[in-house]
Structures are given as structure tokens and as C-alpha cells.
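The values are calculated or read from the model by the stated rules, or taken from the named source; none is laboratory data. The model shown is predicted, which means the values in this text are computed figures rather than measured ones. Cβ placement follows ideal geometry from the backbone for every residue including glycine, while neighbour counts extend to all protein chains displayed. When the accessible area is computed, the model is the full protein with side chains, heavy atoms only, and any ligands, DNA or RNA have been set aside. Shrake-Rupley method; radii C 1.70, N 1.55, O 1.52, S 1.80 Å.
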Amino acid sequence: MRILVVAAHPDDEVLGAGGAIARHRRRGDRVSILILGEGLGARFSTRQVALAATKGRGFVRLHQEMIRAHRLLGVTQTFHRQFPDNRFDSVDLLDLVKAVEEVTRQVTPRIVYTHHTEDLNVDHRLTCEAVLTACRPLAGETVKEILSFEVLSSTEWAPPRADRAFIPNVFLDISAVLDRKLNAMACYRSELRQPPHPRSLKAIRHQATLWGAKVGVDAAEAFELIRSVR
């Protein structure tokens, strides 16, 4: 089976679906990943300042971290676009949609994982919107299931409104691959933080343990089912 994970930034794919990726690979599925954004740039006043300050080295380092993480997870194929970090709302949505369509045509996935539609991060929200547009359930569409994931330090920080809440209804047992997810996240040294920050290895493990406890397993990842065609 062919799987596609579409994420906004390098590390989102591991935070949101690193366990699912490792689980699919253990089952022999092909897993491709599309990262739409360059990452990193939002830490500077402008994208140009970021490029000047790092002379591109920061972006190269982040890309290398991503490749190491994907290699550890056994990812079949990686696509990395360069949309401006935390500025997806400065580009036409159609450009994001076309980027997703290009990859889905090449990969022909059956299952797509992407962001929660109401995350605090604007890039996350627009990534989800682009995926839903690109994967419209038309005749001949290969995508039969779309699942949204949470990203620690974004999903839980959205305004506390019922219509924006992440309410998972699909849980994957990742007990056997949790350490692989954590090791993949450890590759992202530029993105990790120290506890009690939610984007720390300790917090990631605790979240997986908590989701697991809710469904009777040692560790789990949680997803919202957006659409399933069976």
C-alpha cells in the first residue's frame, strides 16, 4: 500500500505521524513524505534576513536533519518544497494545491496523513486545506483515506473553542516503534527543545503514552479521520 504524509515544515511529519510512518514501513508499505515549507525562516524578521544571517547554512542543516530522520524511519521517498516559513498565507493557495497534486500524481497514495485543519500555525492550516483540495474524491482518485494529526506546540495552543478542537477518533498502536519515532525526532537537533517544552523527547513520549492509555496500549498516535472511502 502507498502512503503519503504531507507536512508544512521539517519535523512536523515526525511529531505528527512518525510512529505511523515506522508502523507502515514495518508492514511493507511504501511511505512518501512531502514537506511544503523551507522551515526556520520565521525565526528572523524576514526570509531575506534569515538567508543572510545563516548564509543558507541553517536551511542546509535542517534539510540534512530531515534526510537523516527519514532514513531512520525507512521513508521510501522525500519531496521538499521551499514555500516561505510561517508565511504560506503570502502565496496563492493554488500554488500549494499544485505542489500537492504534483506529488500525489507521482505517488498515487491510498492513505494521506496531514495537519489538523484548525491548528494555531497558519502553515499547518493551509497545508490541510491544500491537501483536501488536491485530493478531492473524484472518479479515479487513488486517495481513499485522509487523516489529520496533531503537532505538539501548535495543535494544543489553538484557541479553546469546540469548533477548533483536535478530537481524534483513530488511534494507531505505536508501542513497537515509539523508540524509532523518538530517535527520528532526535535527528532534528535544531527543532528540539528541553522539557517541559512540548517539543521535547520527554513530552513526545508522554503524549504517546497518554494516547495509548486511552485505548489500552502502551503507546499510540492519535488522528482525526477526515474522509474514508470504502
**Request:** Determine Rg/Rh for the chain; Rg is computed over alpha-carbon atoms and Rh is the Kirkwood hydrodynamic estimate from the same atoms.
**Result:** 0.94
**Fill in**
Accessible-area order for His206, His63, largest to smallest, probe 1.4 angstrom, reads His206, His63
**Message:** Which order do you get for Phe83, Phe88 if you rank them by accessible area with a 1.4 Å probe, largest at the top?
**Reply:** Phe83, Phe88
**Request:** Please arrange Ser200, Ser175, Ser190 by accessible surface area, largest first, computed with a 1.4 Å probe and ligands excluded.
**Result:** Ser175, Ser190, Ser200
**Prompt:** Could you work out the helix-only [θ] at 222 nm for the chain, with each DSSP H run of four or more residues adding -39,500 (n - 2.57) and the total divided by the number of residues, to the nearest 500 deg cm²/dmol?
**Reply:** -12500 deg cm²/dmol
**Request:** Report, in debye and to the nearest 20, how large the dipole of the chain comes out about its Cα centre when Lys and Arg carry +1 and Asp and Glu carry -1 on their Cβ.
**Result:** 720 debye
**Complete:** Expressed in Å to one decimal, the Kirkwood Rh of region 100-230 from all distinct alpha-carbon pairs is 16.0 Å
**Label point 7 Å beyond Cα of Leu138 along Cβ direction - residues of region 85-124 with amide nitrogen under 17 Å** = 94-109
**Request:** May I have the count of lysine pairs in the chain with C-alpha atoms under 20 Å apart, counting pairs 8 or more residues apart or located on different chains?
**Result:** 4
**Complete:** Rounded to whole angstrom, the alpha-carbon centroid of region 1-34 lies from that of region 161-212 at a distance of 14 Å
**Message:** Could you compute how much accessible surface Arg180 exposes when probed at 1.4 Å, giving the result in Å² to the nearest 10?
**Reply:** 110 Å²
**Message:** Quick check for you: which residues of region 79-95 have the amide N under 13 Å from the point 7 Å beyond the Cα of Val122 toward its beta carbon?
**Reply:** 84-93
**Complete:** Quick calc: nm separation of the 7 Å Cα→Cβ label points for Arg27 and Ala162 -> 3.3 nm
**Request:** Choose one answer from His197, His124, His115: the residue with the largest mean-square fluctuation in a GNM of the chain with alpha-carbon springs under 10 Å.
**Result:** His197
**Message:** Running a GNM on the chain with Cα contacts under 10 Å, which residue among Leu138, Leu93, Leu72 ends up with the highest mean-square fluctuation?
**Reply:** Leu138
**Item:** Diffusion coefficient, µm² s⁻¹, Stokes-Einstein with Kirkwood Rh over alpha-carbon pairs of region 132-200 at 25 °C and 0.890 mPa s
**Value:** 160 µm²/s
